[in-house]
Structure formats: C-alpha cells, structure tokens
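Undergrad: The structure is given below, and queries will be raised subsequently.
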Amino acid sequence: MAQVLCQLPKTYDDNLLVGLDTADDAAVYKINDELALIQTLDFFTPIVDDPYVFGQIAAANSLSDVYAMGGEPKLAMNIVGFPNCLSADVLVEILKGGHDKVSEAGAILVGGHTVEDDEPKYGLSVAGFVNPNKVLTNNNARSGDILVLTKPLGLGIINTAIKGELADKEAYDEAVHVMSTLNKYAKEAIDKVQVNSVTDITGFGLLGHSLEMAEASSVTIKINHKNIPIISKAIEYAQMGLVPAGAYSNRGHIGDNVKFLNKIPSEIEDILYDPQTSGGLLISVSKDNVENLLMELVNITTKYAVIGEVVEKEAYYLIVE
C-alpha cells in the first residue's frame, strides 16, 4: 500500500501535522493551538471463529493507531463486509464485540457502513483528539534511547495455528487476551513519562515497524532477540512451519536493511518478521526515563520488556543480536 500511496500527488496543508511522509500510524490535523484531530481506519477478515471475540479484536486493532499517536479515541464507525449466506446473528455478535471495545476505550460508536461481500470483514474508522504539542510519532527516536515493547510477539503464527485447528487452549487463550487488550493502558503509562517516539506493531511485524521508525528518525535500532516477549507455543509452532505468508512478505520488504549478528534460530527470525494483529506499542524512551516507564507499565496485563536501543545511524537501519 505504501508503494501505491507514494505515487499519488502530495497534499500540502500547514495544519496537517502527520500525513503520508513517515508511514506513521494515523493522520493528525491541527484544529487549533490546543486541539488536533487523529483519523485512522483498519479492518480485516476473521482470525477466530467466535464472532464476538473477532469483533473485539478488530476493534482493539483499529483503536490502536490513535493510542500510538498519543491521543484519545472519541468517535468510531463500523466498516463491515458480510456475506448473505451467514446468519444476521453472526453480524450482531461481531458488532457487539466492537461496541464493547469502543465503550471500554471511552469512545462512542456512531454508525457505519455495510456492503455484501464473499467473506466477513470488520473494523473501524476512528477519530480521536490530541494536543498538537503532545503528538507521538515514529520519527523522533534518538540515539541513546531504550526500546520497550508492550505486548508479546507471535500472534500471526498463533493465528495460523488456530486456522489450522492446531493451536492448544493455552496458546489460543493468551493470543486472544493479547489481541483484545486495548493499548489504552500502555498509552496511559506513556502519559506519565516523557517518551520520544512510538509506533504500534501490526502487519509489518516488529522488524517492519522498527524499520519505519529507524528510517523516519535517521537512526539505527538494535534489538536483543533474547529479551523479546513471545506468546506461548509460538516458537514451537514456528518450528512446525506454521508461519503466515505475511512473514515472508515482510522479510522480502525489509531485505538487506537488517543485519543479524551471530547465529539466531530461524524460528526466532520468523517471529521477528511475523505480522501482528492488534500488537503492542514500541516505545523509544531516554535512558533517564525508562525505569519510570517500566514502573508505570507494571499494571498492564500483557508481557512487556526492554528489547533494544537506538544508536547513531550505522550501515544498517536494523541490527538484531
């Protein structure tokens, strides 16, 4: 999609604070000196059989971009593709799941649009607010910063196992909990600590979104693979070959922008490229503030960890050791 968008004519507006230029999580438009609008949209096909849970996950994923920009969601609208061969009760459960997550976010669901489609699709268009001086972007990581990840990786691999009916209950339950957990709670921790740069980890995987941050900030990001939190059974399933096609696409997209030092197990490489659904926030924070951030994150219910650091630009944008 980025390759398509870059071919469109550039739009310039003095009040457009964040647009297409940095491949950031959402657009931000300044309304006045104290208020800016965040606008985002996301939707996808079911990744679990339970329609209510699918609605929750899709909504949490859509809301995430607003949190990644430092904002508060305010309004949401449903985006639905639905086949006429399925019972309307299924759609009701999907929408209930979305509604409940929007309510948990403190936002209001105000309608939406539905089209007939061969396969169910669901997500949200979300509008949020942020102070123009407090917008968080992916282009302000600084040399010397520490990187904190607020959710474990491996969601794409677990989802592949779920679709193949190979995921056990432990892996399924943990993945559903992670995907349906709002990044609201990590963002509330960020509000109490000064951080430099933030992005959420979704379809491009940890390495893809780290690359976007590194390129936009003109730095190199070093990741310690041993520190990365990983969903239960994700390593085992990756060893079995249950790796989604998106991981290979991400590997091809990132190409030679990453350098792997020493010998890293192939299944760990797969997890680093693995596309995430409703993944966590990647936070770049100064060494002076990292301990305060970790103290604020202690109450979130997903695994989090310090996973690396930011250094001056080297030959590679990404280094994994």
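Quick note: the coordinates plus some simple rules give every number you see, no bench work behind them. Predicted, not measured: the structure shown is a model, and the values here were computed from it. FYI the Cβ positions are ideal-geometry reconstructions off the backbone, even for glycines, and counts take in every protein chain you see.
Undergrad: Using θ = phi - 60° and the Karplus relation 6.51 cos²θ - 1.76 cosθ + 1.60, list the HN-Hα couplings for the range 171-186 in order, rounded to whole Hz, with x at every Gly or Pro.
TA: Whole-Hz 3J(HN,Hα) from phi for the range 171-186: 5, 4, 4, 5, 5, 4, 4, 5, 5, 8, 7, 5, 6, 3, 6, 5.
Undergrad: How do the peptides 250-262, 229-241 rank, highest first, by the average count of neighbouring beta carbon atoms within 10 Å per residue? Kindly include the intermediate steps, with their values, before the conclusion.
TA: Details: 250-262: 14.5, 229-241: 19.2.
Taking the mean over residues of other Cβ atoms within 10 Å, the ranking is 229-241, 250-262.
Undergrad: Give, rounded to the nearest 20 debye, the magnitude of the charge dipole that the chain has about its Cα centre when Lys and Arg contribute +1 at Cβ and Asp and Glu contribute -1 at Cβ.
TA: Numbers: 23 positive and 44 negative charges, 99 e Å.
Computed charge dipole of the chain: roughly 480 debye.
Undergrad: Right, here's the next one. How many nm separate the modelled label positions at Val90 and Lys263, each set 7 Å beyond the Cα in the direction of the Cβ?
TA: Roughly 4.8 nm, to one decimal.
Undergrad: Shifting gears a bit: Treat every Asp and Glu Cβ in the range 146-320 as -1 and every Lys and Arg Cβ as +1, leave all other atoms uncharged, and give the resulting dipole magnitude about the Cα centre to the nearest 20 debye.
TA: 60
Undergrad: Report, in deg cm²/dmol and to the nearest 500, the calculated mean residue ellipticity at 222 nm for the chain, where each DSSP H run with n ≥ 4 adds -39500 (n - 2.57) and the sum is divided by the residue count. Mind showing how you got there, number by number?
TA: Numbers: 11 runs with 115 residues, N = 321.
That comes out to -10500 deg cm²/dmol.
Undergrad: What is the fewest-to-most order of Ser266, Ser249 by other Cβ atoms lying within 10 Å of their Cβ?
TA: Details: Ser266 11, Ser249 16.
Ascending Cβ contact count within 10 Å gives the list Ser266, Ser249.
Undergrad: Using amide H atoms built 1.01 Å from N in the peptide plane, name the residues 5+ places from Lys74, or on other chains, whose amide H lies under 5 Å from its own.
TA: Residues meeting the criterion, in which the H sits 1.01 Å from N, are Ala127, Gly128, Phe129.
Undergrad: OK, next. Would you mind checking Lys101/Lys287; Lys10/Lys313; Lys101/Lys303 for any pair whose Cα atoms are more than 24 angstrom apart?
TA: Values: Lys101/Lys287 34 Å; Lys10/Lys313 28 Å; Lys101/Lys303 20 Å.
The pairs that break the limit, which is 24 Å between Cα atoms, are Lys101/Lys287; Lys10/Lys313.
Undergrad: Applying the Karplus parametrisation 6.51 cos²θ - 1.76 cosθ + 1.60 with θ = phi - 60° to the phi angles of the range 27-32, what ³J(HN,Hα) value in whole Hz is obtained for each residue in order, glycine and proline being reported as x?
TA: Result, rounded to whole Hz: 8, 10, 10, 6, 9, 8.
Undergrad: For each of Tyr67, Tyr317, Tyr248, Tyr185, count neighbouring Cβ atoms within 10 Å of the residue's Cβ, then give the residues from fewest to most.
TA: On the way: Tyr67 28, Tyr317 23, Tyr248 12, Tyr185 16.
Arranged by neighbour count, lowest to highest, Tyr67, Tyr317, Tyr248, Tyr185 become Tyr248, Tyr185, Tyr317, Tyr67.
Undergrad: Say each of Ser249 and Asp117 gets a label point 7 Å from the Cα, pointing the same way as Cα to Cβ; how far apart are those two points in nm?
TA: Modelled inter-label distance: 1.4 nm.
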